[in-house]
1. Given the options D358, D398, name the one that is acidic (D, E) and touching a residue at least 60 places away in the same chain (Cβ under 8 Å).
2. Please find, among L302, L335, L316, the residue that is open to solvent by less than 40 Å² (accessible area, probe 1.4 Å) and at pLDDT below 95.
3. Report the residue count in the stretch 473-485 for those that are touching a Ser or Thr at 6+ places or on another chain (Cβ under 6 Å) and of a type outside the set (G, A, S).
4. Scan (1) in a loop (DSSP other than H, G, I, E, B); (2) closer than 29 Å to S419 by Cβ; (3) modelled with pLDDT of 95 or more for the single condition G182 breaks and write down its number.
5. So which residues in the stretch 12-56 are of a type outside the set (A, V, I, L, M), touching a residue at least 12 places away in the same chain (Cβ under 8 Å) and assigned to a helix (DSSP H, G or I)?
6. Using the structure shown, decide if T196 is open to solvent by less than 40 Å² (accessible area, probe 1.4 Å), closer than 30 Å to A81 by Cα and of a type in the set (S, T, Y).
7. Across the stretch 131-147, what is the number of residues that are open to solvent by 20 Å² or more (accessible area, probe 1.4 Å) and more than 22 Å from E31 (Cβ to Cβ)?
8. Counting just the residues of the stretch 424-464 that are among the acidic types (D, E) and touching a residue at least 60 places away in the same chain (Cβ under 8 Å), which one comes out nearest to L410 (Cα to Cα)?
Amino acid sequence: MSETVAETLRLILPGEAPAWLHGVAESRAVEAEALATHEPHELMERAGLAVARLALAVAPHARCIWVACGPGNNGGDGLVAARHMQLAGKRVQVSLHGDAQRLPGDADHALQLARQQGIEPSPSPPDGPVDLVIDALLGLGTSRAPQGAISAAMQHIHRLRAPVLAVDLPSGLDADTGQPLGVEAVRAAHTLSLLTLKPGLFTAAGRDHAGQVWLDSLGVVPDAGSASARLCSAAALHALPPRPHAAHKGSFGDVVVVGGAPGMTGAALLAGRAALASGAGRVFVSLLDADGPRIDPTRPELMFRPNPWRNDAAALSRSTVVCGCGAGDAAREALPVLLSRCPRLVLDADALNAVASDSTLRSLLEARGPRGQVTVLTPHPLEAARLLGCDAAIVQADRLSAARALAQRLRCVLLLKGSGSILVSADALPAINPSGNALLATAGTGDVLAGWVGGLWAQLAPELGDLRAASVATEAAAWLHGRAADAELAGAPGSLALRAGDLGERMRTMAALHCAAATR
């Protein structure tokens, strides 16, 4: 483990730069190694100072600050922060919700220094209003719903409705899964993660509870192999190959979209348009509605081909195929051939439901990996639950574990969609996508994502090989998908939804901006 004298505080979201994630076990190992190589109490002093500095930065006009301290080292960080904020001229009220006689060594030392400065913690929350709450109640080791005095303090935080800065984690949030442990789990405006970033801050309910996420590594840089996951970032876009002057449409791959059963042709068109927006050379649409349109007036460059799995196996063998967008039960006819013949296959929506309910299709899917064929699956939690044979609540309870299990079982690249979409691939650590917001919670946005994955994959495969290209394309598409929604929300904070028909072009603009910035 090494140290740096550079500034260690950084803003994590919206996730422009790569970042490593450490779960509870990995974070404890990093902390133990750091403690062994530093002077006693040094890391806690750094942590408390970092909390105070961020509090003063995000709430410069706050006059009265309540620091709610728990019985562990998280509370010790809060006690150190209280000293620094008092020295900065703030009126600080400190409560200690635990036995002061049983504090761990570093926290006890922090308590004695606070008392020497005239800060005497109360066993109860303050009576009056406060301008800012520092949540230093519970940290990394929380594994069950808080009770007693801690629970009461958390309820008081909710009643105050003051902005909250959480120390390391919002109290009551599981660091590994992002699940709230009890209804009182704190909802913070800001979270300062210390030493390491925790996966639970970015998936499931983590984003809603953590607010704006910051990291202060306290001058400690963990060894490269200690992370359990990572954050997706704009870096995946940099893998897109440059476009030579002498290139032609055949240089950027073919995409075939299979979907659009009666009443759902729009889903296939959205996927096809998205593949075009991503830069694919040619995009073919095979509608499963025999009476569906044969031209897209909005994007006449889309080419319509009926049932290529019946009569054009050669086209399938050289294309990246996206199947399932609005496919309905009609997907079952096409899937046996697609699963057997396509080297690159993206399965979404109804294609996933068909595989989940048909053991023959499932066997064909599982056989693809050993044959060197690569599959990307993009389920939402309910679709993932059907594939795993459980219910969606089990998937959401531990999204990382569910995604790992499903990717391993089906031998695929998997993107488990939702808040903090999770990417699992055989060639890399699991990744959590930090971009995106609830503007994406509208019909058709998943079809756009599937089309973008297919379009990027078609372009990247010749450069990177099918498996690596599948992972990079899925990460880049997921990040752009969310980032376009983030930009929309920033520009119009009152927006209720981002229409899927607009999303593909928003992503195209975002990709162009990032690629241009990377070449400067």
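1. Working: D358 fails: touching a residue at least 60 places away in the same chain (Cβ under 8 Å).
Matching residue, one of D358, D398: D398.
2. On the way: L302 fails: at pLDDT below 95; L335 fails: at pLDDT below 95.
Result of the check over L302, L335, L316: L316.
3. Just the residues of the stretch 473-485 that are touching a Ser or Thr at 6+ places or on another chain (Cβ under 6 Å), to begin with: 478-479, 482-483.
Okay, now just the ones that are also of a type outside the set (G, A, S), so 479, 483.
Result for the stretch 473-485: 2.
4. Only one criterion in (1) in a loop (DSSP other than H, G, I, E, B); (2) closer than 29 Å to S419 by Cβ; (3) modelled with pLDDT of 95 or more is unmet by G182, namely (3).
5. E26, S27, R28, E31, E33, E45, R46, G48, R53
6. Working: open to solvent by less than 40 Å² (accessible area, probe 1.4 Å): yes; closer than 30 Å to A81 by Cα: yes; of a type in the set (S, T, Y): yes.
Against the criterion (open to solvent by less than 40 Å² (accessible area, probe 1.4 Å), closer than 30 Å to A81 by Cα and of a type in the set (S, T, Y)), T196 qualifies.
7. Counting residues in the stretch 131-147 that are open to solvent by 20 Å² or more (accessible area, probe 1.4 Å) and more than 22 Å from E31 (Cβ to Cβ) gives 3.
8. Filtering the stretch 424-464 down to residues among the acidic types (D, E) leaves 427, 447, 463.
Narrowing the set further to residues that are touching a residue at least 60 places away in the same chain (Cβ under 8 Å) leaves 447, 463.
On the way: D447: 21, E463: 25 Å.
Per the criteria, the residue is D447.
The values are calculated or read from the model by the stated rules, or taken from the named source; none is laboratory data. What you see is a predicted model; the values in this text were computed from it and never measured. Please note: Cβ atoms are built from the backbone with ideal geometry, for glycine as well, and neighbour counts cover all protein chains shown. What goes into the accessible areas is simple: the full protein's heavy atoms, side chains included, and nothing from ligands, DNA or RNA. Shrake-Rupley method; radii C 1.70, N 1.55, O 1.52, S 1.80 Å.
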